[in-house]
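What follows is a single structure, written as structure tokens, with notes after it.
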């Protein structure tokens with residue numbers, strides 16, 4: 001049963017690691033990897049000295065940080081809310097309706113966002129018009145891009161992540177709630193002293209994993225929602241790698257950027273795990 005999963009990781013995660021060698025070479029498609037000339041850390045220096053380095057890094061970190069700051073608490077709060085629901089049918093409906101968007105492709109989600117935010121016929125601008133507010137062209141305003149991306153990402157994925165915390169809630173011993181009732185604790189006190197401590201290990205593990213993915217912003221939705229007018233806030237590492245790697249065929253440069261991103265993400269993950277183990281005694285290892 002485990003072998004298909006292991007095969008997937010071997011074929012698509014471990015074997016491609018060999019390709020990072022081209023980041024240290026002046027890779028030529030016709031010569032091949034081994035026949036291409038070694039250039040050492042030239043492409044790493046090139047990216048660090050690139051005038052676009054800091055804007056791209058800032059955009060990536062801010063987008064990832066906003067996603068973590070505003071997106072992470074939502075599934076925790078929804079799980080706690082659903083745990084308090086007593087009507088089983090309504091609870092199942094809310095759970096199903098909330099995680100269905102997770103299975104919608106990013107292309108469809110981006111198309112829905114474009115339709116809803118259309119300056120002429122979009123639902124949002126129609127509501128604004130009914131309130132006497134002039135139409136806003138959200139998709140060409142750099143100031144709105146991060147809000148649009150984070151909000152659409154929360155809507156798309158919060159239901160799926162809620163399942164993790166609902167599973168953690170079911171593992172809490174009911175005897176603890178019975179003891180709290182005997183002590184006269186109300187719902188708020190049971191939430192603070194029983195429920196939250198009970199799911200805290202799961203919360204910290206998911207938080208550590210999300211911190212490690214701050215720089216790994218999904219390429220598809222950013223690429224589909226961005227345009228040259230919003231590059232000031234929407235141009236991130238993955239879209240830049242796409243342009244220099246596939247569009248400009250500079251594979252060595254793109255690989256060097258991607259490897260640097262992976263190393264920084266590893267540092268974030270290790271740091272978050274260390275701090276969590278030190279202050280909360282919950283960690284990945």
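If I filter segment 1-21 for residues that are more than 26 Å from residue 218 (Cα to Cα) and touching a strand residue (DSSP E or B) at 6+ places or on another chain (Cβ under 7 Å), do I get at least one hit? No, because not a single residue in segment 1-21 is more than 26 Å from residue 218 (Cα to Cα) and touching a strand residue (DSSP E or B) at 6+ places or on another chain (Cβ under 7 Å).
For residue 262, the conditions (1) under 29 Å from residue 205 (Cα atoms); (2) free of Cβ contacts under 8 Å to residues at least 24 places away in the same chain; (3) buried (at least 20 other Cβ atoms within 10 Å of the Cβ) are fulfilled apart from (3). Residue check: is residue 229 over 28 Å from the mean Cα position of the chain (by Cα) and either outside any loop (DSSP other than H, G, I, E, B) or crowded, with 19+ Cβ neighbours inside 10 Å (or both)? Criteria not met by residue 229. When the test is whether a residue is touching a residue at least 60 places away in the same chain (Cβ under 8 Å) and more than 20 Å from residue 234 (Cα to Cα), residue 164 passes it.
In the condition set (1) farther than 18 Å from residue 99 by Cβ; (2) surrounded by 14 or more Cβ atoms within 10 Å (Cβ to Cβ); (3) without any contact (Cβ under 8 Å) to a residue 40 or more places away in the chain, residue 214 is compliant with all but (3). If you go through segment 250-285 and keep only what is farther than 30 Å from residue 40 by Cβ and within 17 Å of the chain's Cα centre (by Cα), you end up with just 272. Looking only at residues in segment 39-91 that are under 19 Å from the mean Cα position of the chain (by Cα) and free of Cβ contacts under 8 Å to residues at least 24 places away in the same chain, the one that is nearest to residue 148 (Cα to Cα) is 69.
Of all residues in segment 37-61, those being touching a helix residue (DSSP H, G or I) at 6+ places or on another chain (Cβ under 8 Å) and either surrounded by fewer than 14 Cβ atoms within 10 Å (Cβ to Cβ) or assigned to a loop (DSSP other than H, G, I, E, B) (or both) number 5.
Of the residues making up segment 11-24, not a single one is over 26 Å from the mean Cα position of the chain (by Cα), touching a residue at least 60 places away in the same chain (Cβ under 8 Å), in a strand (DSSP E or B) and within 15 Å of residue 255 (Cβ to Cβ). Within segment 241-257, the set of residues being assigned to a helix (DSSP H, G or I) and surrounded by 17 or more Cβ atoms within 10 Å (Cβ to Cβ) comprises 241, 244, 245, 251, 252, 253, 254, 255, 256, 257.
At least 1 residues being within 30 Å of residue 118 (Cα to Cα) is the threshold, and among the helices (runs of 4 or more DSSP H) wholly inside segment 138-213 those reaching it are 142-170. Here residue 173 meets each of (1) surrounded by fewer than 19 Cβ atoms within 10 Å (Cβ to Cβ); (2) within 30 Å of residue 111 (Cα to Cα) with one exception, condition (2).
Values in this text are rule-based calculations from the coordinates and carry no lab data. All values derive from a computational prediction rather than experimental measurement. With ideal geometry, Cβ positions are generated from the backbone for all residues, glycine too; neighbour counts draw on all protein chains shown.
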